[in-house]
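The values are calculated or read from the model by the stated rules, or taken from the named source; none is laboratory data. All figures in this text were calculated on a predicted structure; none of them were measured in a lab. Glycine also receives a Cβ, built like all others from the backbone with ideal geometry; neighbour counts cover every protein chain displayed.
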Amino acid sequence: AKAGGRAAKGLRFEPVAPNTADKVTVPEGYGQNIVIRWGEPILRGAPDFDPKRQSAKAQAGQFGYNNDFLTLLPLSSRQRGHGADQLLVANHEYTDEELMFAGYDPEKPTREQVEIAWAAHGLSVVAAAGEKRTGALHAVPRHPLNRRITATTPFEVTGPAAGSALLRTKADPSGRRVLGTLNNCSGGTTPWGTVLSGEENFNQYFANAEKVTDPERAASLKRYGVTGGASERRWEEFDERFDLAKEPNEVHRFGWVVELDPYDPGSTPRKHTSLGRFKHEAAQPRLSRDGHAVVYMGDDERFDYFYKFVSKKTMRRGTGAEDRRHNMSLLDEGTLYVAKLTGDSPADEIDGKGTLPEDGEFDGTGRWIPLASGDRSFVEGMTAEEVYVFTRLAADKAGATKMDRPEDIEPSPRTGQVYVALTNNTDRGKDGKAGPDEANPRNANKHGQVLEFTERGNDPTARAFSWRLFLVCGDPDDPGTYFGGFPKDQVSPISCPDNVTFDAYGNLWIATDGNELGSHDGLFGVATAGARRGEVRQFLTVPTGAETCGPLVQERRVLVSVQHPGEVDGASVEKPASTWPDGPGTYVRPAVVAVWPQDGSGVGR
Ligand code: FEO
Ligand code: CA
Ligand code: CA
Ligand code: CA
């Protein structure tokens with residue numbers, strides 16, 4: 001079948017071909033600029049980046065490492081100044097010490113290197129100014145709203161598990177005040193103008209799990225992937241809270257969704273226990289018709305689950321200080337659910353290769369199983385506090401559906417349908433592991449899929465939903481792929497969907513991480529409705545070793561986070577695999593990139 005005519009509005013650009021160029025490759029007629037790089041000063045008094053003279057103090061005032069999630073928030077006329085017209089919030093997932101420090105010895109990090117890494121984690125708030133004639137965007141250093149949050153910034157713990165004995169440590173007997181946030185992956189922007197960010201692979205920062213002898217504690221550490229021995233970065237040698245033998249509860253204080261009010265640089269950011277503790281990829285809020293806040297969340301691990309939270313209280317529309325305080329308490333109390341999916345085709349029609357079942361679709365129904373609501377647990381043998389702190393174990397007991405690494409989840413602002421990126425799962429079908437099911441239909445799944453679901457009655461607070469696979473990714477020539485029913489000879493190949501966003505036309509944009517088709521990762525747009533539904537078109541590719549993150553599509557520009565460029569086995573400052581963005585002789589640097597039509601028109605028009 002041939003689909004003639006033009007691509008959907010918003011996706012009218014010449015698709016970029018798969019490639020392995022060490023640069024950001026964009027469509028014909030598009031320009032690009034670096035918005036901000038690792039190490040650029042954002043706070044007053046912070047020095048310019050000098051890779052040979054790094055310090056923790058400098059880094060704490062500079063843009064952090066490995067930017068992942070991005071959002072842009074509006075500035076009122078009172079908040080502008082310095083030419084800024086928007087507020088950029090980015091997070092900094094983790095550090096690549098080999099690419100940051102010349103001569104880095106992973107077995108003997110210095111205190112200064114460790115403290116620089118602490119300062120390079122977290123979040124950045126930085127004002128941004130758009131160019132009038134193009135879509136170029138520039139960071140505005142020293143703006144009064146600019147802020148850095150690091151691995152040592154104080155956070156307030158909120159919600160039903162705040163103050164729990166499970167969260168108390170020697171340094172914080174209250175169980176309500178945590179230093180820092182770690183491994184922030186993707187996030188979300190709330191309807192009340194704050195930013196959410198998910199703490200993902202926090203397990204890697206904690207050492208000596210084998211010294212924890214209590215069998216229940218040991219089992220929970222194992223379920224969260226906290227392994228024994230020294231940690232990868234050896235932070236435990238410089239701060240004993242990272243040593244489980246000395247501080248068994250610090251690990252419970254990470255793995256949460258954090259909320260930041262970027263408009264108040266003096267505010268204390270929060271960790272919300274009501275949203276559960278797991279490897280949070282992201283947290284995407286929406287409102288029900290009557291104003292309850294609903295947050296969708298994925299737990300990025302092979303065979304893990306996706307969740308939603310429904311707030312007890314409803315959002316106030318006012319913008320006064322009292323309304324804002326109220327809205328910032330919405331995530332303190334509500335009900336936490338996990339998803340269970342049932343396919344509608346006979347199990348023997350799911351062959352593990354991606355062959356469509358006889359009804360022509362991977363589809364079915366789903367239920368949201370409640371795990372806890374406020375102080376009340378719905379899981380036998382677990383208190384509510386335990387459900388929040390050991391959410392994976394609660395969801396195991398509840399019989400949730402084991403998915404192929406649930407990453408970003410986002411509802412379409414146009415249709416209300418929700419999209420779940422399931423990035424891959426090479427262990428599906430292996431000995432002793434779960435086999436294929438209709439929502440995760442391929443064994444040894446290298447390329448991932450995108451699931452689309454509709455809440456019953458299109459009500460975000462519903463307890464039931466219907467679902468279908470929208471994309472089964474991979475080489476379109478592979479019979480086990482599916483592109484929303486669109487002719488497969490007319491789509492861009494896509495592999496490992498990770499972060500998702502929508503443009504103003506309702507098209508889904510998908511960033512990839514881990515492309516297994518021989519190309520670098522990239523960003524793709526795809527129509528979700530109409531005659532072009534499923535027409536995947538590639539908008540850009542990223543440099544060597546990088547993943548594409550934080551996509552954001554505005555009318556005049558597309559923003560992406562180029563995360564961990566040059567991250568290739570064996571690469572180092574001395575032997576770089578990439579010299580993006582500044583070329584030979586310079587350090588490879590994660591950065592935020594803006595891409596825009598050179599004629600000043602809208603993206604994809
Ligand atoms: Fe940090 Fe699941 O990607
Ligand atoms: Ca991610
Ligand atoms: Ca079916
Ligand atoms: Ca990822």
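Could you identify the single residue in GLY228, GLY193 that is modelled with pLDDT under 95 and more than 16 Å from ligand 4 (Cβ to nearest atom)?
Values: GLY193 fails: modelled with pLDDT under 95.
Exactly one of GLY228, GLY193 is modelled with pLDDT under 95 and more than 16 Å from ligand 4 (Cβ to nearest atom), namely GLY228.
What number goes with the only condition from (1) within 16 Å of ligand 3 (Cβ to nearest atom); (2) within 27 Å of ASN499 (Cβ to Cβ); (3) buried (at least 18 other Cβ atoms within 10 Å of the Cβ) that GLU361 does not pass?
For GLU361, the failing item is (3).
Could you list, in sequence order, the residues of the range 190-223 that are of a type in the set (Ser, Thr, Tyr) and either surrounded by fewer than 19 Cβ atoms within 10 Å (Cβ to Cβ) or touching a Gly at 6+ places or on another chain (Cβ under 7 Å) (or both)?
Step one: filter the range 190-223 for residues of a type in the set (Ser, Thr, Tyr), giving 190, 194, 197, 205, 213, 220.
Listed by number, the residues that qualify are SER197, THR213.
Yes or no: the range 69-88 includes at least one residue that is part of a loop (DSSP other than H, G, I, E, B) and buried (at least 24 other Cβ atoms within 10 Å of the Cβ).
Step one: list which residues in the range 69-88 are part of a loop (DSSP other than H, G, I, E, B), which gives 75-85.
In the following step, the residues that additionally are buried (at least 24 other Cβ atoms within 10 Å of the Cβ) were identified as none.
No, there is no match, as no residue in the range 69-88 is part of a loop (DSSP other than H, G, I, E, B) and buried (at least 24 other Cβ atoms within 10 Å of the Cβ).
Which count do you get for residues in the range 431-449 that are within 27 Å of THR461 (Cβ to Cβ), over 17 Å from the mean Cα position of the chain (by Cα) and in contact (Cβ under 8 Å) with a residue 40 or more places away in the chain? Working first, answer last.
Start the filter on the range 431-449 by keeping residues that are within 27 Å of THR461 (Cβ to Cβ), which leaves 437-440, 449.
Filter again for over 17 Å from the mean Cα position of the chain (by Cα), leaving 437-440.
Cutting the leftovers down to in contact (Cβ under 8 Å) with a residue 40 or more places away in the chain gives us 437-439.
So the answer is 3.
Among the residues of the range 443-491, which ones are away from ligand 3 (no atom under 16 Å from the Cβ), assigned to a loop (DSSP other than H, G, I, E, B) and small (Gly, Ala, Ser)?
Scanning the range 443-491 gives ALA444, GLY448, ALA462.
Do we have any residue at all in the range 249-272 that's within 19 Å of the chain's Cα centre (by Cα) and of a type in the set (Ser, Thr, Tyr)?
Checked the range 249-272: no residue is within 19 Å of the chain's Cα centre (by Cα) and of a type in the set (Ser, Thr, Tyr).
Residues ARG463, ARG428: which one is within 23 Å of ASP521 (Cα to Cα), in contact (Cβ under 8 Å) with a residue 24 or more places away in the chain and over 22 Å from the mean Cα position of the chain (by Cα)?
Working: ARG463 fails: within 23 Å of ASP521 (Cα to Cα).
Exactly one of ARG463, ARG428 is within 23 Å of ASP521 (Cα to Cα), in contact (Cβ under 8 Å) with a residue 24 or more places away in the chain and over 22 Å from the mean Cα position of the chain (by Cα), namely ARG428.
Please specify each residue of the range 402-426 satisfying the condition of being surrounded by fewer than 24 Cβ atoms within 10 Å (Cβ to Cβ) and at positive phi.
The answer is GLY416, and nothing else.
Taking the residues in the range 186-218 that are among the small types (Gly, Ala, Ser) and touching a residue at least 60 places away in the same chain (Cβ under 8 Å) as candidates, determine which candidate is farthest from ARG270 (Cα to Cα).
The initial filter retains those residues of the range 186-218 that are among the small types (Gly, Ala, Ser), namely 186-188, 193, 197-198, 207, 209, 218.
Now narrow it down to the ones that are touching a residue at least 60 places away in the same chain (Cβ under 8 Å): 186-188, 193, 197-198.
On the way: SER186: 16, GLY187: 14, GLY188: 14, GLY193: 15, SER197: 10, GLY198: 12 Å.
Only one residue fits best here, namely SER186.
Just the residues that are in contact with a strand residue (DSSP E or B) (Cβ under 8 Å, 6 or more places away or on another chain) and more than 16 Å from ligand 1 (Cβ to nearest atom), please, taken from the range 277-298. Before you say what the answer is, go through the steps one by one.
Of all residues in the range 277-298, those in contact with a strand residue (DSSP E or B) (Cβ under 8 Å, 6 or more places away or on another chain) come to 278-288, 290-298.
Within the range 277-298, PRO285, ARG286, LEU287, SER288, ASP290, GLY291, HIS292, ALA293, VAL294, VAL295 meet the criteria.
Are any residues in the range 416-446 in contact with a Lys or Arg (Cβ under 8 Å, 6 or more places away or on another chain), away from ligand 4 (no atom under 16 Å from the Cβ) and aliphatic (A, V, I, L, M), and if so, which ones?
Those that are in contact with a Lys or Arg (Cβ under 8 Å, 6 or more places away or on another chain), away from ligand 4 (no atom under 16 Å from the Cβ) and aliphatic (A, V, I, L, M): ALA434, ALA444.
Restricting the range 535-557 to residues that are more than 16 Å from ligand 1 (Cβ to nearest atom) and farther than 20 Å from ASN19 by Cα, which is nearest to the chain's Cα centre (by Cα)?
The first filter runs over the range 535-557 and keeps only residues more than 16 Å from ligand 1 (Cβ to nearest atom), leaving 535-541, 543-544, 552-557.
If we keep only those that are farther than 20 Å from ASN19 by Cα too, we end up with 552-557.
Values: LEU552: 13, VAL553: 16, GLN554: 19, GLU555: 22, ARG556: 23, ARG557: 21 Å.
Step by step, filter the range 535-557, then rank; the result is LEU552.
Considering only residues of the range 262-305 that are surrounded by 24 or more Cβ atoms within 10 Å (Cβ to Cβ) and among the polar types (S, T, N, Q), which is nearest to ligand 2 (Cβ to nearest atom)?
Ranking the candidates gives GLN284 first.
Cβ-Cβ distance below 7 Å, separation of 6 or more or different chains: which pairs start in the range 473-484 with a residue that is in contact (Cβ under 8 Å) with a residue 60 or more places away in the chain and end on one that is aliphatic (A, V, I, L, M) and part of a loop (DSSP other than H, G, I, E, B)?
Filtered contacts from the range 473-484: TYR482/LEU356.
Considering only the range 492-604, give the strands (runs of 3 or more DSSP E) lying wholly within it that have at least 3 residues that are away from ligand 4 (no atom under 16 Å from the Cβ). Talk me through it step by step, then tell me what you get.
Details: elements: 497-502, 508-512, 522-526, 536-541, 547-553, 558-563, 591-597.
The qualifying strands (runs of 3 or more DSSP E) are 536-541, 591-597.
Among (1) out of contact with any Lys or Arg (no Cβ under 8 Å at 6 or more places or on another chain); (2) assigned to a loop (DSSP other than H, G, I, E, B), which single condition is GLU216 missing?
(2)
Out of the residues in the range 174-209 that are out of contact with any Leu (no Cβ under 7 Å at 6 or more places or on another chain) and of a type in the set (A, V, I, L, M, F, W, C), which is farthest from ligand 3 (Cβ to nearest atom)?
Looking at the filtered set, the residue picked out is LEU179.
Results for (1) more than 18 Å from ASN440 (Cβ to Cβ); (2) within 16 Å of ligand 4 (Cβ to nearest atom); (3) not basic (Lys, Arg), shown as yes or no for each residue.
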{"site": "VAL338", "(1), (2), (3)": "no, no, yes"}
{"site": "THR401", "(1), (2), (3)": "no, no, yes"}
{"site": "PRO411", "(1), (2), (3)": "yes, no, yes"}
{"site": "ARG414", "(1), (2), (3)": "yes, no, no"}
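Of (1) assigned to a loop (DSSP other than H, G, I, E, B); (2) more than 19 Å from PHE362 (Cβ to Cβ); (3) small (Gly, Ala, Ser), GLY435 satisfies all except one. Which?
(2) is the only condition that GLY435 fails.
Which residue, of GLY429, GLY374, GLY381, GLY399, is in contact with a Gly (Cβ under 6 Å, 6 or more places away or on another chain) and surrounded by fewer than 24 Cβ atoms within 10 Å (Cβ to Cβ)?
After ruling out the rest, the residue left standing is GLY429.
Kindly indicate the residue of the range 330-354 that is surrounded by 14 or more Cβ atoms within 10 Å (Cβ to Cβ) and of a type in the set (S, T, N, Q) and also nearest to ligand 2 (Cβ to nearest atom) among those meeting that condition.
THR335
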